[in-house]
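Below is one structure; the comments refer to it alone.
The values are calculated or read from the model by the stated rules, or taken from the named source; none is laboratory data. Since the model is a prediction, treat every value here as computed from it, not as a measurement. Here the Cβ positions follow ideal geometry from the backbone for every residue, glycine too, while neighbour counts run over all protein chains shown.
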Amino acid sequence: MEHPENDKAYKGLKVNEGVEALGTVNPYLSTMRRKRAAVLSVNDYVEGILRGDVTVLSRAVTLVESLLPEHQVIAQEVVEKCLPFSGNSVRVGITGVPGAGKSTSIDSFGMHLLANRPGKLAVLAVDPSSEKSKGSILGDKTRMERLSAHPRAFIRPSASAGSLGGVARKTRETIVLCEAAGYDTVFVETVGVGQSETAVYSMVDFFLLIQIAGAGDELQGIKRGIMEMADGIVINKADGDNAEEARRAAVHYRNALQLFPMPASGMRPKVLTYSGFFDIGIAEVWEMVDEYIEKVKANGCFEERRHSQHKYWMYESLEEQLKMRFYNAVGMDNVLSHYEQLLLTGKITSFAAAAKVMEYFDSLRDGANG
């Protein structure tokens, strides 16, 4: 294009030709082929997991967490075939109030274990999902800098997806896969504390409660439920000026635990202080865990607890499958919408609407049986 400014009348002005603008799409994109991961069979998954292939293990966990029916079928087969190779780990649940330093503590605990004994460590860190967006940050690896780079550690952050106690819906199956892959210690980090932490207690061998001093009354009743489930209580951030306050808090907790009935394990929980950030008292915390596991294996409580957990998760699975079958029933969406409208216009009560919906579900079931 010829610019008028280049006319001799405009002495001293000159506009050079510009460079032809390229499109916004990478011109080489069409020649590049996107590499897709090869589709694995059930046997491929099982063989990869048994030889400790971290990539295959990660893909198997993704299948377990998937809500797609076709993925669930494959995942269930993989879990069942890995089941005979599982059960040989020590499972430790780690919970505590937000800000107690759970992730930092896991980093310290894990590095201590890997430095002082052979074997591998799996960390199943559960991130809370947003109630609005249903999304999670999944940033636990950023708080476990040393452990995330260790070749014998496997860290898997998962979204809680609103499930009970902040535990990912399929954490139980993920534990089986990790054990089959040779991880002899499994940490399950939970979102926080509350009555729903029963879900965590029902999948681990040792339930560790992390507390901090100075966060309020150490003996408030709301903590009674979680303290009764704890197999050990540790006070974090016992360093510097806070060390003495942490020791006083430990005394309060020990006195409180004397008022609780003796646990089924026959071992009253110990209360220790430590600093996850400065790696102070880490060895003592793990000595407490080792002592507990050794004693409950000797008195039979270890196997008894695992048997109870198997039954607990069978009934949990039944409830989940019944719920899915209910909501996926033919025409259920329309029926629910219909009674929602009646409910919102005041033409029916909540209880009557629920009864009508159940009548519809029962009629489907009776029709199938007829």
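Summed over the stretch 231-249, residues that are in contact with a Leu (Cβ under 6 Å, 6 or more places away or on another chain) and either assigned to a helix (DSSP H, G or I) or at pLDDT below 90 (or both) total 0. Within the stretch 146-169, can one find any residue that is modelled with pLDDT under 95, touching a Ser or Thr at 6+ places or on another chain (Cβ under 6 Å) and under 11 Å from Leu121 (Cα atoms)? Within the stretch 146-169 (the criterion being modelled with pLDDT under 95, touching a Ser or Thr at 6+ places or on another chain (Cβ under 6 Å) and under 11 Å from Leu121 (Cα atoms)), the answer is yes, since at least one residue qualifies. Of Arg91, Arg51, all but one fail to be modelled with pLDDT of 85 or more, closer than 27 Å to Cys301 by Cα and not aliphatic (A, V, I, L, M); the exception is Arg91.
Could you run through the stretch 54-85 and say how many residues are of a type in the set (D, E, K, R) and in contact (Cβ under 8 Å) with a residue 40 or more places away in the chain? Can you show your working first?
Here is the first cut: in the stretch 54-85, the ones of a type in the set (D, E, K, R) are 59, 65, 70, 77, 80-81.
Still in the list and also in contact (Cβ under 8 Å) with a residue 40 or more places away in the chain: 65.
Total meeting the criteria: 1.
Please tell me if Thr273 is more than 24 Å from the chain's Cα centre (by Cα), surrounded by 12 or more Cβ atoms within 10 Å (Cβ to Cβ) and either in the same structural domain as Lys170 (by TED's automatic domain parsing) or more than 30 Å from Gln72 (Cβ to Cβ) (or both).
Numbers: more than 24 Å from the chain's Cα centre (by Cα): yes; surrounded by 12 or more Cβ atoms within 10 Å (Cβ to Cβ): yes; either in the same structural domain as Lys170 (by TED's automatic domain parsing) or more than 30 Å from Gln72 (Cβ to Cβ) (or both): yes.
For Thr273, the condition - more than 24 Å from the chain's Cα centre (by Cα), surrounded by 12 or more Cβ atoms within 10 Å (Cβ to Cβ) and either in the same structural domain as Lys170 (by TED's automatic domain parsing) or more than 30 Å from Gln72 (Cβ to Cβ) (or both) - is met.
Over 13 Å from the mean Cα position of the chain (by Cα), part of a loop (DSSP other than H, G, I, E, B) and modelled with pLDDT under 90 - does that describe any residue in the stretch 184-194? Yes, because at least one residue in the stretch 184-194 is over 13 Å from the mean Cα position of the chain (by Cα), part of a loop (DSSP other than H, G, I, E, B) and modelled with pLDDT under 90. Close Cβ contacts (under 6 Å, 6 or more residues apart or on different chains) running from residues in the stretch 301-322 that are under 18 Å from Leu83 (Cα atoms) and in contact (Cβ under 8 Å) with a residue 60 or more places away in the chain to residues that are of a type outside the set (A, V, I, L, M, F, W, C) and assigned to a helix (DSSP H, G or I) comprise Trp313/Arg172. Quick check on the stretch 8-17. Is at least one of its residues among the charged types (D, E, K, R), at pLDDT 65 or above and within 30 Å of Lys120 (Cα to Cα)? No; the residues of the stretch 8-17 include none that is among the charged types (D, E, K, R), at pLDDT 65 or above and within 30 Å of Lys120 (Cα to Cα).
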